[in-house]
Amino acid sequence: MVKRDIITMAAKNLMRRKGRTFLTMLGVLIGTTSIVVMVSLGIGLQQSQQKMYEQWGSLNEIEVNQSYSHGDDEENIVALDDDALEYFQSLEGVTAVIPMASISADTATCGKLQGWLDVYGIKPEDMATKNMQIGQGRLLQEGDKNVLVIGGMAGGGFYDPNGSDDGWVEDETYEQYKERMYNKSVEMLNKKVTAEFRNYETEKTKKLTFQVVGVMDADMPNNYASYAPLEVVQKMQKLMMTSEEKKQKKRNLYNQISVITGDVADTKTVLQSIKDAGYNAYSIAESLEGVEDSMKVFQLALGGIGGITLLVAAIGIINTMVMSIYERTKEIAIMKVIGATFGDIRFLFLAEAGMIGFFGGIMGLGFSYGLSFIINQLSGDFMGNYVGTGEALSLSVIPWWLALFAIGFSIMIGLLAGVYPANRAVKLSPIEAMRNN
């Protein structure tokens, strides 16, 4: 018999018993929906955790901080210098290397305001590479000298000595405080900030006046810090160096080097290579790794629960197909008499079982998308507030591979469930079948 004719016959056999077929498919539908929705919840939670970590910084960024020597350990330190930059750039998966220097002002003034100032030196072109987002004004540009881009919360470090306290206000939420401090930072835009730097060994001081040309977005990490051209900060660092630091054979030219990778997988590999070379390095992706492992276990557990439901559906398919054999013994006998092979009989029953799995899986997948939509509508705002993104997030996420897996798994369950009934149909004696009918 032609396989296409057998498939057509299988479809007609299922349609002749619509009620029984639908109830059997309903078991597959429930099982498929259980698996898809359960796993989608695990995926959604994992993505929400990842977005929460991204609030703290980029997952594609590695921070390499300077190490400090203590006496005889000086020979063993690995300095953050130009050799370190060259080494990081040579690592596979690295797309950019950004050197930074930092310095803290002893005092700082902006008009009648007084406060403190942490200044990070960075090359202007590296600010865009580091994905720094400006809120007001502009970022550093090539040719800038004594200019400053302050953090979105940097204004919170300044106060009026003759005015009221600018700290927390009673019943004020963090978001309200954050907005108030950001507005205070914006008020410093286009104004001059005079910072005094002191060498506490020699007591020498030097004042430097910066022009504030930009205010960073308030949601940027390290939002109390400010940024100036790298060479300006390094010049002030030399002023503040102690005699012991000047004598050191290995000297840090930079306080921090940011290593940017192509993706999160590269971050983990590069991070390990940097650590193995003796550098003090950290990445948020390192913290995310433990969360990912926990979420994978969680997804497997949820998928296993859904799988049990689909196993029950498989038993229903077996029951339906076995009953069908008893009802169709004469039909099976006639097929054998007119020349149908064992393979044709087996294929017929496997086709029917596979169709139940396929169409049950299709309906289950559609039902899953509907449930996922409802879940996300009800929980989207809550998840966004929980993670801190301020926008609705999906608690249930169904990627394309999960949809394909659900359909494939449903078909496989149907085929496996049809093996036993198909073999029983093959073994059925035509003579006995005709005699009983």
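Some notes on this structure:
- Matching entry among Gly343, Gly370, Gly339 (being open to solvent by 20 Å² or more (accessible area, probe 1.4 Å), on the phi > 0 side of the Ramachandran plot and out of contact with any Asp or Glu (no Cβ under 6 Å at 6 or more places or on another chain)): Gly339
- Considering residues of segment 283-305 that are open to solvent by less than 70 Å² (accessible area, probe 1.4 Å) and more than 20 Å from the chain's Cα centre (by Cα) only, the residue modelled with the lowest pLDDT: Gly303
- Any hit, segment 147-167, residues being open to solvent by 10 Å² or more (accessible area, probe 1.4 Å) and modelled with pLDDT of 90 or more: yes
- Selected residue [under 27 Å from Tyr87 (Cα atoms), among the hydrophobic types (A, V, I, L, M, F, W, C), modelled with pLDDT under 90 and not in a strand (DSSP E or B)] from Leu253, Leu239: Leu253
- Within the span defined as segment 375-396, every residue fails to be modelled with pLDDT of 85 or more and surrounded by fewer than 16 Cβ atoms within 10 Å (Cβ to Cβ).
- Only one of the numbered conditions (1) modelled with pLDDT under 70; (2) surrounded by 13 or more Cβ atoms within 10 Å (Cβ to Cβ); (3) not acidic (Asp, Glu) is violated by Asn280, and that is (1).
- Residue in segment 206-214 that is over 38 Å from the mean Cα position of the chain (by Cα), modelled with pLDDT of 85 or more and of a type in the set (Phe, Trp, Tyr) present: yes
- Some residue of segment 173-183 being in contact with a strand residue (DSSP E or B) (Cβ under 8 Å, 6 or more places away or on another chain), at pLDDT below 90 and of a type in the set (D, E, K, R): no
- The residue that is nearest to Glu63 (Cα to Cα), counting only those in segment 256-273 that are surrounded by fewer than 22 Cβ atoms within 10 Å (Cβ to Cβ) and in contact with a Leu (Cβ under 8 Å, 6 or more places away or on another chain), is Gln256.
- Of the strands (runs of 3 or more DSSP E) lying entirely inside segment 176-229, the ones with 1 or more residues being in contact with a helix residue (DSSP H, G or I) (Cβ under 8 Å, 6 or more places away or on another chain), among the aliphatic types (A, V, I, L, M) and surrounded by 20 or more Cβ atoms within 10 Å (Cβ to Cβ) are found at 205-216.
- Segment 113-138 - residue that is in a loop (DSSP other than H, G, I, E, B) and open to solvent by less than 40 Å² (accessible area, probe 1.4 Å) and, of those, farthest from Gln211 (Cα to Cα): Lys130
- One residue alone among Ile332, Ile308 is open to solvent by less than 80 Å² (accessible area, probe 1.4 Å), among the aliphatic types (A, V, I, L, M) and modelled with pLDDT under 80, and that residue is Ile332.
The values are calculated or read from the model by the stated rules, or taken from the named source; none is laboratory data. For clarity, every value in this text was computed on a predicted model and none was experimentally measured. Reconstructed Cβ throughout: ideal geometry from the backbone, glycine too, with neighbour counts over all protein chains shown. Side chains included, ligands, DNA and RNA excluded: accessible areas come from the protein's heavy atoms. Shrake-Rupley method; radii C 1.70, N 1.55, O 1.52, S 1.80 Å.
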